[in-house]
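Student: Take a look at this one; I'll ask things after.
Only the coordinates and a few stated rules stand behind these numbers; no lab work does. No experiment lies behind these values; they were computed from the predicted model shown. Positions of Cβ are backbone-derived with ideal geometry, glycine not excepted, and every protein chain shown enters the neighbour counts.
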Amino acid sequence: MATRDLIAKNLRTLRDLRGLSQLELAQRVGVSRRTVARLEAAEIADPGIDQIRDMARVLGVTVEMLCEQKLVPLELPVPEDLRDLLTGENAAPVLAAMHRAGKASSS
């Protein structure tokens, strides 16, 4: 899968999970709603790293997670404090550490 297609799918998935409209995400990142729509439609071949970094930050993931692997929603019961940790402002490094640990344990 091409990087732009992966970014498109992941943006849509993450935006939906966060309950954001294209306009809300665009406003938080400082781009137009059309830019978000074009990214989600894989119409932008080479988005700027600043835009991608800002979108990843707003969506609570790392740039690597947004650009390098397919993300899928997961719904399972967890303690409230863990949910807050995984959805809060510092979610990106926590998720990245969990992903690295999972990859290391499966090797």
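Student: What does the highest-first list of 81-87, 10-16 look like by mean Cβ count within 10 Å? The partial results should precede the final answer.
Tutor: On the way: 81-87: 11.6, 10-16: 18.7.
My ranking of the peptides, most packed first, is 10-16, 81-87.
Student: Based on the alpha-carbon set only, what is the convex hull volume of region 8-52 divided per residue, in Å³?
Tutor: On the way: hull volume 2.8 nm³, N = 45.
For region 8-52, the hull spanned by Cα atoms encloses 63 Å³ per residue.
Student: Using θ = phi - 60° and the Karplus form 6.51 cos²θ - 1.76 cosθ + 1.60, what ³J(HN,Hα) does each residue of region 4-13 get, whole Hz, x for Gly and Pro?
Tutor: 5, 5, 5, 4, 4, 5, 5, 4, 4, 4
Student: While we're on this one: Compute the signed sum of charges (Lys and Arg +1, Asp and Glu -1) over the other residues within less than 10 Å, Cβ to Cβ, of Gly30. Numbers along the way, then the final one.
Tutor: Details: positive: Arg28; negative: Asp50, Asp54.
That sum, taken over residues with Cβ under 10 Å, equals -1.
Student: Still on this model: Under 8 Å for C-alpha pairs, at least 6 residues apart: give me the relative contact order for region 1-86, rounded to a whole percent.
Tutor: 37
Student: Same structure, new question: Run the Debye formula on the Cα coordinates of region 3-105, all scatterers equal and no solvent, and tell me log10 I(q)/I(0) at q = 0.17 1/Å.
Tutor: Log10 I(q)/I(0), no solvent term: -0.77.
Student: Okay, moving on. Along the charge dipole of the chain, Cβ charges K/R +1 and D/E -1, which of Gln51, Pro93, Val78 sits furthest on the positive end?
Tutor: Gln51
Student: In addition: Using r as the Cβ-Cβ distance of Glu43 and Leu85, and R0 as 35 Å, what FRET efficiency do you calculate, to the nearest 0.05? Walk me through the numbers before you get to the answer.
Tutor: Values: r = 35 Å, r/R0 = 1.00.
Efficiency for this residue pair is about 0.50.
Student: Let's see if you can work this out: charge +1 on each Lys and Arg Cβ, -1 on each Asp and Glu Cβ, no other charges. What is the dipole magnitude of region 3-105 about its Cα centre, in debye to the nearest 20?
Tutor: On the way: 15 positive and 15 negative charges, 49 e Å.
Dipole about the Cα centre, nearest 20: 240 debye.
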